[in-house]
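Participant: Sharing a structure with you now.
The values are calculated or read from the model by the stated rules, or taken from the named source; none is laboratory data. Here the structure is a predicted model, which is why all the values come from computation and not from measurement. Backbone-built Cβ (ideal geometry, glycine too); neighbour counts: all protein chains shown. Remember, those area values only see protein heavy atoms, side chains included, never the ligands or the DNA or RNA. Shrake-Rupley method; radii C 1.70, N 1.55, O 1.52, S 1.80 Å.
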Amino acid sequence: MEYSIRKCEVSDLPKLVILCQKHAEYEKADYSPEGKEEGLKKVLFGEHPKLNCFVVATDNDIVGYVSYTFDFSTWSAGDFLYMDCLYLEENARNFGIGEVLINKLKEIAKEKNCVNMQWRTPQFNERAIKFYHRIGAKGKDKICFFLDL
């Protein structure tokens, strides 16, 4: 598969929202696309961006994305890179793209002197869990809580 990985551009936002919706469906989560394009534009391209995103582009489409932020760990007394989302369309899987994306984030984290990378995936996402174990990641059993505001 021919593809490139590049920073997300404003013109990618409509497709990014579609990919977010597909990602949510894959993870059996609720998602409403309403207001998401404007919200993502603000956090990705505003004066002080809070979110970073790379897209996986083919000649005529965007087939995946990875988004991340930086945070601080009290226990490690250092910054870490938090991978918020990694999603590839079904037809873009099994080409090693996920590993390329992870390696790209590892490079960025090292450049920023992060102590580690962190992310989470649902327990039922066995395919992702096998992939993460294969690349050397270790999991911790924790329960993720959400408190709607």
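Participant: In angstroms, what radius of gyration and Dmax does the stretch 45-149 have, counting Cα atoms only?
Facilitator: 14.8, 44
Participant: Cα to Cα, under 20 Å, and not fewer than 8 places away if on the same chain: which aspartates and glutamates meet these conditions relative to K142?
Facilitator: Candidates past the 8-residue exclusion: E27, D71, D84, E126.
Participant: A follow-up question, please. Return, in residue-number order, each cysteine of the chain whose C-beta is not under 4.7 Å from any other cysteine's C-beta.
Facilitator: C20, C85, C114, C144
Participant: Can I ask one more? Set the Förster radius R0 to 30 Å, insert the Cβ-Cβ distance between F124 and F145 as r into 1/(1 + (r/R0)^6), and round the FRET efficiency to 0.05.
Facilitator: The value I calculate is 0.95.
Participant: While we're here: Using a/c under 1.5 as the rounded threshold, could you call the stretch 1-71 rounded, prolate or oblate? The axes a ≥ b ≥ c are square roots of the C-alpha gyration tensor eigenvalues, and prolate needs a/b larger than b/c, oblate otherwise.
Facilitator: Since a/c reaches 1.5 but b/c is at least a/b, the shape of the stretch 1-71 is classed as oblate.
Participant: So what's the back-of-envelope 222 nm ellipticity for the chain, counting only DSSP H runs of four-plus at -39500 (n - 2.57) apiece and dividing by all residues, rounded to 500?
Facilitator: Values: 4 runs with 48 residues, N = 149.
Mean residue ellipticity, 222 nm, calculated: -10000 deg cm²/dmol.
Participant: For the stretch 1-54, which trypsin sites (Lys or Arg not before Pro) pass both filters: DSSP loop (anything but H, G, I, E, B) and at most 16 other C-beta atoms within 10 Å?
Facilitator: Counting only loop positions with at most 16 other Cβ atoms within 10 Å, the trypsin sites (Lys or Arg not before Pro) in the stretch 1-54 are K28, K50.
Participant: If I model a spin label at F45 and K28 as a point 7 Å from the Cα along the Cα→Cβ vector, what separation in nanometres do I get?
Facilitator: Label-label distance for F45 and K28, simple model: 3.6 nm.
Participant: Once a ≥ b ≥ c are taken as the square roots of the eigenvalues of the Cα gyration tensor of the stretch 84-144, is the result rounded (a/c under 1.5), prolate (a/b larger than b/c) or oblate (a/b not larger than b/c)?
Facilitator: It is oblate, given that a/c is not under 1.5 and a/b is not larger than b/c.
Participant: Measuring with a 1.4 Å probe in the full set of protein chains, what accessible area per residue, in whole Å², belongs to the chain?
Facilitator: Using a 1.4 Å probe on heavy atoms only, each residue of the chain averages 69 Å².
Participant: Moving on to the next point. Within 10 Å of each candidate Cβ there may be at most 13 other Cβ atoms; applying that plus a DSSP loop requirement, which chymotrypsin sites (Phe, Trp or Tyr not before Pro) in the stretch 37-87 survive?
Facilitator: W75
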